[in-house]
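Everything on this sheet refers to the single structure shown next.
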Amino acid sequence: MQLKKVVVAIDSFKGCMSSVELGHAALEGVRDVFPACEVVCVPVADGGEGLLEALMADEGYFVDIQATDPLKNRIDTRYGLLSEGKTALIEMAAISGLTLVPPDKRNPMITTTFGTGELIRDALDRGCRDFIIGIGGSATNDAGMGMLQALGYKFVDSLGHELDGCGEAMEQVTDIISADRHPALNESRFTVACDVTNPFCGKNGAAYIFARQKGADDEMIETLDRGMKSFAKVVRRVTGKDIENFSGAGAAGGIGGAFLAFLNAELKPGIKLLLDYNRFDERIEGADLVITGEGRADRQTIMGKVPFGILQAAKPRNIPVFLIAGGVEDAEILNNEGFTGVFPIASGPCSLEEAMNPQTAYGNVKRTITQICRTITIII
């Protein structure tokens, strides 16, 4: 039997290959066995690194600008524009991300999301009114204060002094002034890719769950959480919105809560946002097979990661879904969830450095897909 249509939607192998590159390798693997097969490659990502590239794979253009990084340095960065310049695609990690801060300088008491706000403001000034924003991979725990400052909000203490938008200032905030808020925000719509369900504060909130990886020690975590509780009370008094226990409000150091309270944003899982935007349901119509993957597949894959989102889209159509990964654990769990087959791409023992070499990985992906397709010719 000949496969007539295969859909490829593989998440990036971080530090190795992009989703687009993986799609090309898989396409070659399919065509080795089924030269006439229609292969539809759909770049995919979650809410963090790679979302911008995945959304802009087929259209749009980049805007290159300078903005403020988490430590208040001016750096070169970019965001994307779609729909004749009316829709902005912003990846928070590109300007407020953890990878921009050296490990010895990571400190969520002082890092800021101001740069993320600058990208939004620049897009507003260019006429954008629809925003798609990925908030994964942040270096911050400022509850979005920095972002809001860049958009015209002011935060003041009990003496009326204006505060800087950073984590250590949250507990001092007694009022939020919106008189200078960017006027275009009133007619703008924000959709935020958010892959966590953590509340704004508390033991499962932003500070306790995520601040340590951003450089916080125990004392800082307690201070940050106390500040977020205090800040949430001010937000409720000023806006009437209670973000303290809202699912996803704790994302990216609390910026999820800022988007909800001040920008009326809709929070969506990153993969759902991307698949909806790319009309994935339409693109898999008539497919004989879907191939997905990620750098490492294990039981966490079924907790909302990209391949699981692909599986959920294919299940109602009874389309077989094959999962490839650089490394695989818990294959039985993954099979039980519905993946038809789970395959590690490594061809034999090798160092991590060798496995992460893009040329090596490209060849391994192509070979693995070729072998899957050869097996299909026998089984079907």
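For Gly152, are the conditions met, namely being surrounded by 23 or more Cβ atoms within 10 Å (Cβ to Cβ), farther than 30 Å from Ile10 by Cβ and modelled with pLDDT of 95 or more?
No; evaluated as a whole, the condition is false for this residue.
State the number of residues belonging to the range 20-29 that are closer than 9 Å to Pro43 by Cβ and either open to solvent by 20 Å² or more (accessible area, probe 1.4 Å) or modelled with pLDDT under 90 (or both).
Residues that pass the stated criteria total 1.
If you check every pair at least six apart or on different chains, which have Cβ atoms under 6 Å apart with a residue in the range 336-352 that is at pLDDT 95 or above first and a residue that is in a loop (DSSP other than H, G, I, E, B) second?
Here the result reads Thr340/Pro320, each pair linking the range 336-352 to a residue that is in a loop (DSSP other than H, G, I, E, B).
Which ones in the range 66-85 are open to solvent by less than 30 Å² (accessible area, probe 1.4 Å) and without any contact (Cβ under 8 Å) to a residue 24 or more places away in the chain? Walk me through how you get there before you give the answer.
Within the range 66-85, the first condition is being open to solvent by less than 30 Å² (accessible area, probe 1.4 Å), and the residues that meet it are 67-70, 77, 79-82, 85.
Correct list: empty.
Filtering the range 285-320 down to residues that are under 23 Å from the mean Cα position of the chain (by Cα) and more than 23 Å from Gly15 (Cα to Cα), which residue is most open to solvent (accessible area, probe 1.4 Å)? Step through it out loud before you land on a result.
Step one: filter the range 285-320 for residues under 23 Å from the mean Cα position of the chain (by Cα), giving 290-314.
This time we only want the ones that are more than 23 Å from Gly15 (Cα to Cα), so: 290, 311-314.
Values: Val290: 0, Leu311: 3, Gln312: 83, Ala313: 15, Ala314: 0 Å².
Top of the filtered list is Gln312.
Among (1) farther than 15 Å from Ala45 by Cβ; (2) surrounded by 20 or more Cβ atoms within 10 Å (Cβ to Cβ); (3) touching a residue at least 60 places away in the same chain (Cβ under 8 Å); (4) out of contact with any Cys (no Cβ under 7 Å at 6 or more places or on another chain), which single condition is Glu266 missing?
Failing condition for Glu266: (2).
Would you check if there is a residue in the range 298-312 being at pLDDT 95 or above, assigned to a strand (DSSP E or B) and more than 30 Å from Arg181 (Cα to Cα)?
Checked against the condition, which is being at pLDDT 95 or above, assigned to a strand (DSSP E or B) and more than 30 Å from Arg181 (Cα to Cα), the range 298-312 yields no hits at all.
Do any helices (runs of 4 or more DSSP H) lying entirely in the range 1-112 carry at least 1 residues that are over 30 Å from Gln149 (Cβ atoms) and touching a helix residue (DSSP H, G or I) at 6+ places or on another chain (Cβ under 9 Å), and which ones are they? Reasoning before the result, please.
On the way: elements: 19-33, 51-55, 93-96.
Correct list: 19-33.
Considering only residues of the range 86-134 that are at pLDDT 95 or above and among the acidic types (Asp, Glu), which is surrounded by the most Cβ atoms within 10 Å (Cβ to Cβ)?
Glu118
Could you list, ordered by first residue, the pairs with Cβ atoms under 6 Å in which the first is in the range 361-372 and under 15 Å from Ser19 (Cα atoms) and open to solvent by 40 Å² or more (accessible area, probe 1.4 Å) and the second is modelled with pLDDT of 95 or more and assigned to a helix (DSSP H, G or I), at least 6 apart or interchain?
The qualifying pairs are Tyr362/Ala25; Lys366/Ala25; Lys366/Glu28; Lys366/Gly29.
The values are calculated or read from the model by the stated rules, or taken from the named source; none is laboratory data. Computed from a predicted model, the values in this text were never measured in an experiment. Backbone-built Cβ (ideal geometry, glycine too); neighbour counts: all protein chains shown. To get the accessible areas, we keep the full protein, side chains included, count just its heavy atoms, and leave off ligands, DNA and RNA. Shrake-Rupley method; radii C 1.70, N 1.55, O 1.52, S 1.80 Å.
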